[in-house]
Amino acid sequence: MAKKIVIVSLAASGLVGAIALVDLITGFPFGKFSATMDICMIIGAAVVLYMAYDTIDEVK
């Protein structure tokens, strides 16, 4: 059960990071409202991705 929750958080943070990256480059989803916010979202998503990957690796 716990591994499934970590996998879902991995997918969600990957999606958030991808959307923020696309917005930073093209301005599509949010119209480039704030580049600073996009960068912060990418950094936050990267931290969650790392923590989720490390947790999955530890559970094995």
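The values are calculated or read from the model by the stated rules, or taken from the named source; none is laboratory data. Since we're looking at a predicted model, the values are computed, not measured. Virtual Cβ from ideal backbone geometry, glycine too; neighbours counted across all protein chains shown.
Selection of the range 40-60 for residues being modelled with pLDDT of 95 or more and of a type in the set (A, V, I, L, M) yields Met41, Ile42, Ile43, Ala45, Ala46, Val47, Val48, Leu49, Met51, Ala52. Considering the range 17-60, and only residues there that are small (Gly, Ala, Ser) and assigned to a helix (DSSP H, G or I), the residue that is farthest from Ala2 (Cα to Cα) turns out to be Ala35. Within this structure, Ile42 passes the test of being touching a Gly at 6+ places or on another chain (Cβ under 6 Å) and of a type in the set (A, V, I, L, M). Against the criterion of being at negative phi and either more than 11 Å from the chain's Cα centre (by Cα) or part of a helix (DSSP H, G or I) (or both), Lys3 qualifies.
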